[in-house]
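Data block below; observations after.
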Amino acid sequence: MFKAIFGFFKKVIFGILLLYSFNLVASPMGVVIPINFFTISILTVLGVPALFSFILIFVLLF
């Protein structure tokens, strides 16, 4: 039980750090993905491919 909760929080923190690091690198180019509950939950469930999907959606829509 404790291991599952710890794994979930580890994934959440990894998603936050991944999104924050991407925003640091890409902000000079004008590409910023907001850090909110929706993006963090999608990154937690789907992982790194979700970040690429967010980038693709941002580039295609804006």
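Every number here is computed from the coordinates shown, using simple stated rules; none is lab data. Since the structure is predicted, the reported quantities are computational estimates derived from the model, not experimental observations. For neighbour counting, all protein chains shown are included, and Cβ atoms are generated from backbone atoms with ideal geometry for every residue, glycine included.
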Being surrounded by 10 or more Cβ atoms within 10 Å (Cβ to Cβ) and farther than 12 Å from K11 by Cβ is the filter here, so list the residues in region 39-51 that pass it. T39, L51
Could we say that I35 is outside any helix (DSSP H, G or I) and either of a type in the set (D, E) or closer than 26 Å to A4 by Cα (or both) here? yes
Sole exception among (1) more than 21 Å from L60 (Cα to Cα); (2) surrounded by fewer than 10 Cβ atoms within 10 Å (Cβ to Cβ) for I16, by number: (2)
